[in-house]
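Notes follow the structure.
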Amino acid sequence: MSLRTWTGPLHGGIVILGGGLSGLSLAAHLAATRPRPGPVLVVDDAARDITAASWASWTRRTALLDSAATETFDRMRVYAGGHDRTLALGHYRYRVVHGAALVAAVRRHTDPVPDVGSVTGHVVDVDDADRPLVTLDDGRELRPDWVFDARGPVAVDSRADAALDFLGVPVRAEDPLFDPHVPLLFDFRTDQTDRASFVYVLPTDAHHALVEHTCFLDPANPGVPADVHLAALRVYFSEVLGVAESAYEFGASEQARLPLVAQPAERSDGHIVRIGAAAGLLKASSGYAYEQIQRDCEAIASSFAQHGHPFDLPKRHSRFERYDRALLAAVVERPGFLEDMFAALFARTSAEPVLRFLDEDTSLRDEARLFASLPAGPLIRAMTGR
Ligand SMILES: Cc1cc2nc3c(=O)[nH]c(=O)nc-3n(C[C@H](O)[C@H](O)[C@H](O)COP(=O)(O)OP(=O)(O)OC[C@H]3O[C@@H](n4cnc5c(N)ncnc54)[C@H](O)[C@@H]3O)c2cc1C
């Protein structure tokens, strides 16, 4: 149980289904907002230990849960198209949030508020016939005014434009292999024959890092087996880093397959609103969701405070859906396009313009400047469908 145990009534107020990243973040934002929209109850089935999770993301603003960030970087490294580049992040910082620190940061906001808490339970049904009715598998029924549905993980289905399939593993190396000050976000020195792939290295210190092998796949592709990911990482260590297998150790790996959806489905149905990855907040062209989730939770809490409902949210410009769809189609059609594109996009001293674009915070003029450097053929084919 992440929050204080709920002992209040099971009707009225707000119920959040899923106490993962978005569920807890929304509880914190609602607890911190005045006027408060009423009691807030988080229901989670405890299937996933959130204190063992972690999220990395870039941001250039201050936010409610900033104290959860335990590592902060002001540079990033990209190896693409034969070029090894370390880029400044400008106004951005790349940050890592560990689950235990997130829970502590959330509780700093929820603990002082008497009517915010959580219960353990597995939700089996959510209905909005008259007013929301949430049913748990032990027969308990909740009748809130509003439901925020953050149940995850979200499966890859026919609506996905691509799938992001990755395996991450903590590594301990005998020699000082890693630069503790610079995360390596994309290293394309891994096989690109059947799928666009890169290696990601998030250092803890010179001897320890989280290393991931990530692939962009056609959504119909059943996925990359764990042993294929691990073999790719072993090849990376031996052939790229030149390290013998006896000189490093892999810990327990974690694999995931996330849907990349350029145009998410409608997220609300009456008084039931999806949040988090279930609402399509995973950015389709990057696979990152942390920062979008924080901004969304802030906007929902502010909408409640101003209007008494959660619908006054910033609108996303439809051109970003078109860009995401075109980029993913081009990458699925020709895997080598991803490396070509990143080599072109990151051929600069600061990553800020690219990060702003991925944050959908650019003007048409900014985008024209960025696109002018891109390999045009596959993108134009994807945008025109030919
Ligand atoms: C392994 C992995 C690593 C990731 N790394 C990053 C990263 O570094 N940076 C980034 O920006 N994004 C990352 N993401 C993407 C995204 O940020 C995460 O998936 C994030 O946790 C999504 O938050 P969420 O609240 O939507 O879902 P989750 O955090 O998955 O929370 C869903 C919760 O719902 C609960 N639940 C599910 N079904 C029920 C039910 N029926 N009843 C009750 N409870 C239920 C689950 O137990 C879980 O606690 C990663 C995703 C994965 C899978």
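Considering only Ala326, Ala162, Ala368, the mean-square fluctuation computed in a Gaussian network model of the chain, springs between alpha carbons under 10 angstrom, is largest for Ala368.
FRET efficiency for Ala63 and His208, Cβ-Cβ distance as r, R0 = 30 Å, nearest 0.05? Show your work: numbers first, answer last.
Values: r = 28 Å, r/R0 = 0.92.
With a Förster radius of 30 Å, E is 0.60.
What does a probe at His91 reach in segment 271-293, counting residues whose amide N is under 18 Å from the point 7 Å along Cα→Cβ? Hits in segment 271-293 for His91 at 18 Å: 291-292. Remark: the Arg4-Glu254 segment gains 87.1 nm on full extension, using 0.36 nm per residue and subtracting the alpha carbon distance. Long hydrophobic helices in the chain: none of the complete DSSP H runs spans 27 Å or more by Cα along its own axis with mean Kyte-Doolittle hydropathy of at least 0.0.
Here's how it looks for Gly121: its modeled amide H is under 5 Å from those of Asp44, Asp45, Ala46, which are all 5 or more places away or on a different chain.
Between Val332, Val240, Val211, the Gaussian network model of the chain with springs among Cα atoms under 10 angstrom shows the greatest mean-square fluctuation at Val240.
With 0.36 nm allotted per residue and the present C-alpha distance subtracted, the Asp127-Arg322 stretch has 66.9 nm of extension available. Packing here is the average count of other Cβ atoms within 10 Å per residue, and on that basis the peptides 14-23, 49-58, highest first, run 14-23, 49-58.
Taken about its Cα centre, the chain carries a charge dipole of roughly 1200 debye when the Cβ of each Lys and Arg holds +1 and the Cβ of each Asp and Glu holds -1.
I'd like the Kirkwood hydrodynamic radius of the chain, using the inverse of the mean 1/r over distinct C-alpha pairs, in Å.
22.0 Å
Farthest toward the dipole's positive end in segment 237-353, which of Leu313, Gly242, Ala284, given Cβ charges of +1 (Lys, Arg) and -1 (Asp, Glu) about the Cα centre? Most positive-ward Cα: Leu313.
Please state the shape class of segment 318-384: rounded when a/c is under 1.5, otherwise prolate if a/b exceeds b/c and oblate if not, all from the C-alpha gyration tensor. Taking the square roots of the gyration eigenvalues as a ≥ b ≥ c, segment 318-384 is oblate. At what distance in angstrom do the alpha carbon centres of segment 147-166 and segment 259-331 lie from each other? Centre-to-centre distance over Cα atoms comes out at 13 Å. Taking 7 Å steps out from each Cα toward its Cβ at Thr51 and Ala231 produces label points 3.8 nm apart. Comparing Val42, Val97, Val243 in a Gaussian network model of the chain (Cα springs below 10 Å), the most mobile by mean-square fluctuation is Val243.
Restricting segment 130-159 to trypsin sites (Lys or Arg not before Pro) that sit in a DSSP loop and have at most 13 other Cβ atoms within 10 Å of their own Cβ leaves Arg140, Arg159. Taking GluC sites (Glu not before Pro) in DSSP loop conformation with at most 14 other Cβ atoms inside 10 Å as exposed sites, the chain has its longest uninterrupted site-free stretch at 1-173.
With a cut-off of at most 13 other beta carbons within 10 Å, and DSSP calling the residue loop, which chymotrypsin sites (Phe, Trp or Tyr not before Pro) in segment 287-323 qualify? Please list them. Walk me through the intermediate numbers first.
On the way: sites: Tyr288, Tyr290, Phe304, Phe311, Phe320, Tyr323; in loops: Tyr288, Phe311.
Of the chymotrypsin sites (Phe, Trp or Tyr not before Pro), the ones in loops of segment 287-323 whose Cβ has at most 13 other Cβ atoms within 10 Å are Phe311.
Counted over the chain, the DSSP beta bridges are approximately 70% antiparallel. Normalised by the number of residues in segment 23-177, the average gap of Cα pairs under 8 Å and 6 or more apart makes the relative contact order 24 percent.
Just so you know, all these numbers are worked out from the coordinates, no wet-lab data involved. Just so you know, these numbers come straight off a predicted model, no measurement behind them. Every residue, glycine among them, receives a Cβ derived from its backbone with ideal geometry; neighbour counts consider all protein chains shown.
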